[in-house]
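All remarks here apply to the structure that follows.
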Amino acid sequence: MSKAETTKPTAAPPFRPLRTRNLYDPVANAPGPENKPFTLSRSKLEDFVRCPRCFYLDRRLGLTRPGIPAFTLNSAVDTLLKKEFDLHRTAGRPHPIFAKYGISAVPFTHAELDEWRKTPSGGAAYLDEPSGFLVKGIIDDVWLLRVEGKLIIADYKATSTGAGKSYRRRSSARSSVLLIRRGEPRRVGEEI
């Protein structure tokens with residue numbers, strides 16, 4: 001019997017109907033210096049776009065959606081790509097794939113890069129003061145176009161592109177760019 005035949009699939013996390021943490025409170029999370037901003041991940045914003053009612057049930061009432069199995073392959077590919085690009089970042093040289101496709105870029109070095117890539121507590125963040133929302137998202141990697149001095153936000157994916165997935169990928173990439181442009185990492189452009 002092969003190892004593949006004996007490996008059991010990862011079970012979905014247990015369904016917890018009502019959550020008491022990370023709930024939006026219109027009084028405690030109202031905009032203003034005396035209140036704590038309400039943190040939203042970019043995936044939660046995408047949930048709102050897909051289904052505002054589901055988002056309300058989740059973030060306001062604590063009715064959590066059923067979990068799904070972990071994407072082990074995606075996590076492994078993400079980790080390996082980050083390690084590989086970090087080797088080239090440390091050496092200050094472009095990744096060989098850049099040369100193969102004629103891209104004049106190097107992995108970007110920044111003091112906050114590890115924080116932008118950290119899960120679950122880190123990520124790039126942007127405080128939208130009028131709403132009191134702190135929007136956070138994980139940045140997979142950042143590359144610097146050497147000639148133009150512009151940044152490329154890389155979003156590593158390990159799955160094939162299907163009809164519905166391309167929108168989510170574009171949305172994920174746009175969210176990352178927004179976080180870099182509007183958030184605290186905004187100073188990145190000034191350092192180039």
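The values are calculated or read from the model by the stated rules, or taken from the named source; none is laboratory data. All of these numbers come straight from a predicted model, not from anything done at the bench. Cβ atoms come from the backbone with ideal geometry, glycine included; neighbour counts cover every protein chain shown.
Only one of these is without any contact (Cβ under 8 Å) to a residue 40 or more places away in the chain, under 19 Å from Leu151 (Cβ atoms), touching a helix residue (DSSP H, G or I) at 6+ places or on another chain (Cβ under 7 Å) and surrounded by fewer than 16 Cβ atoms within 10 Å (Cβ to Cβ): Thr109, Thr90. Name it.
Working: Thr90 fails: touching a helix residue (DSSP H, G or I) at 6+ places or on another chain (Cβ under 7 Å).
Of the residues listed, the single one that is without any contact (Cβ under 8 Å) to a residue 40 or more places away in the chain, under 19 Å from Leu151 (Cβ atoms), touching a helix residue (DSSP H, G or I) at 6+ places or on another chain (Cβ under 7 Å) and surrounded by fewer than 16 Cβ atoms within 10 Å (Cβ to Cβ) is Thr109.
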The residue from Leu73, Leu127, Leu80 that alone is over 30 Å from Leu18 (Cβ atoms), under 19 Å from the mean Cα position of the chain (by Cα) and touching a residue at least 12 places away in the same chain (Cβ under 8 Å) is Leu73
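Quick one: which helices (runs of 4 or more DSSP H) lie wholly within the stretch 1-99 and hold at least 3 residues that are touching a strand residue (DSSP E or B) at 6+ places or on another chain (Cβ under 7 Å) and either modelled with pLDDT under 85 or under 27 Å from Tyr156 (Cβ atoms) (or both)?
Per the criteria, 72-91.
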Filter result (surrounded by fewer than 12 Cβ atoms within 10 Å (Cβ to Cβ) and hydrophobic (A, V, I, L, M, F, W, C)) within the stretch 112-122 = none
Every pair of residues 6+ apart whose Cβ atoms lie under 7 Å, when the first sits in the stretch 26-37 and is closer than 16 Å to Arg60 by Cβ while the second is part of a loop (DSSP other than H, G, I, E, B) and charged (D, E, K, R) | Ala28/Lys36; Asn29/Lys36
What about Lys136, is it in contact (Cβ under 8 Å) with a residue 60 or more places away in the chain, part of a helix (DSSP H, G or I) and in contact with a helix residue (DSSP H, G or I) (Cβ under 8 Å, 6 or more places away or on another chain)?
-> no
